[in-house]
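The values are calculated or read from the model by the stated rules, or taken from the named source; none is laboratory data. This is a predicted model, so every value here is computed, not measured. Virtual Cβ from ideal backbone geometry, glycine too; neighbours counted across all protein chains shown. These area figures cover heavy atoms from the full protein model, side chains too; ligands, DNA and RNA do not enter into them. Shrake-Rupley method; radii C 1.70, N 1.55, O 1.52, S 1.80 Å.
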Amino acid sequence: MNILVIPSWYPNGTDKLMGIYHKEFSAALANRKDINVNMLYIDRQRLNAPIKYLFMKKNEIIEETGYKTYIKKMLDVHKINFDWQMKRYYKVLEKAFKLYLKDNPKPDVLHAHVTLPAGYAVAKLGKKYNIPVVVTEHASYFKRFFEGKNKKYGDYVLGNSYFTTVSNFMAKEINKLGYKCDIIPNLVDTDIFVKDRKKVKELRIVTVSALRDGKRIDDIIKALKIIVEQGKIKDIELTIIGDGFLENYYKQTCKELNMDKYVTFVGRKTKEEISDILFQNNVFVIASEMETFCIPGVEALASGIPVVATRCLGPEEYINDRCGILVDVGDYKAMADAIVQVYNNSDKYDISYMRGVASNYASKSVTDKAIKIYKKINK
């Protein structure tokens, strides 16, 4: 079966995490013997450097692990005229698709990721070329795609594709709009994180996050301060993995709260490096306002680490009292209590159970789900 993945995002800009999932998903599909997969990405270049765009190479082919990514660049004019941008995006996609067909067989299924712009353009493309379309929604702000100026485009996607989301709560919101919705959860390479754990006697807290709005890393730092001031646990350390434009703000927060000596910022790390760091910690924390899924939480469970998470929707689908504790968003006092509770009861958490939860999101489980849908709509 030939699958063409067409994402709205791809990690080739300043944010190397944006769209990384789509690469990992495509690589996982490429590992399946019954699937031939490639990716086609429309790279929207900002208007702030038009001269640079004129001399930029407009078409590129990247050799990935087991598949190829075909990239075509275009100028992003959505701030000038959104409707014009959507029309242009579709035309550029169709042109790139025709070029793709010169060297590749016609896809059996087109799989778009994120409703706008890719989902809409792919739904139109599939209708014109008589190819079944799957759309998977990932965005935390997905409701915007079905409101205001976006509504006519979002409704078109729902009516002309097999629509999926990465979590149950998102699917329920789509159901409220009167459309059926299936779930293809985010894929996690759990094998990297499964290793024999050593017992860590000290309190070692860790979080993995882009340091940007909505992640509320400062709440973790505030919770840490409460634990330190309680004085019941003497050896405490918080490791923050990730980078982003709020990094200096969080470092300044540490200084203002006198938490510098307890907090280590290690920057962005590879999956293998994250696995090694998780191995040395015993409480994982998610402080976000809203997550559609939160892959690092599943990676922590695969590592055998219980998770303290805010009730930010996505993690609520895999965190229960057998693998962690949920607290309200912004309640860093409750977060502090939960961290201490998890630490004091660390021996009671069953590593096999936590890894069993994580296995639901392993490569084979997720690609099995996707392939089942491909076959269903390709009859």
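Tabulated data
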{"item": "Neighbours by Cβ (under 6 Å, 6+ apart or cross-chain): first from region 102-127, under 25 Å from Ser167 (Cα atoms); second open to solvent by 20 Å² or more (accessible area, probe 1.4 Å) and small (Gly, Ala, Ser)", "result": "Ala123/Ser161"}
{"item": "Out of Asp191, Asp155, Asp196, sole residue that is closer than 25 Å to Gly119 by Cα, among the acidic types (Asp, Glu) and surrounded by fewer than 19 Cβ atoms within 10 Å (Cβ to Cβ)", "result": "Asp155"}
{"item": "Single match in Ile61, Ile71, Ile51 (criterion: over 27 Å from the mean Cα position of the chain (by Cα) and aliphatic (A, V, I, L, M))", "result": "Ile51"}
{"item": "Residue that is surrounded by the most Cβ atoms within 10 Å (Cβ to Cβ) [pool: residues in region 158-178 that are among the small types (Gly, Ala, Ser) and within 14 Å of Val122 (Cβ to Cβ)]", "result": "Ser161"}
{"item": "Residues being among the polar types (S, T, N, Q) and touching a residue at least 40 places away in the same chain (Cβ under 8 Å) - total across region 336-359", "result": "2"}
{"item": "Enumeration of residues in region 332-364 that are farther than 28 Å from Leu224 by Cα and of a type in the set (A, V, I, L, M, F, W, C)", "result": "Ala362"}
{"item": "Residue that is modelled with the lowest pLDDT [pool: residues in region 14-23 that are in a helix (DSSP H, G or I) and crowded, with 18+ Cβ neighbours inside 10 Å]", "result": "Tyr21"}
{"item": "Which listed residue, of Leu101, Leu93, is among the aliphatic types (A, V, I, L, M), more than 25 Å from Leu158 (Cβ to Cβ) and at pLDDT 95 or above", "result": "Leu101"}
{"item": "Evaluation of Val329 against (1) β-branched (Val, Ile, Thr); (2) open to solvent by 10 Å² or more (accessible area, probe 1.4 Å); (3) closer than 17 Å to Val188 by Cα; (4) assigned to a loop (DSSP other than H, G, I, E, B) (one fails), failing number", "result": "(3)"}
{"item": "Condition met for Asp368 (farther than 23 Å from Ser275 by Cβ and open to solvent by less than 60 Å² (accessible area, probe 1.4 Å))", "result": "yes"}
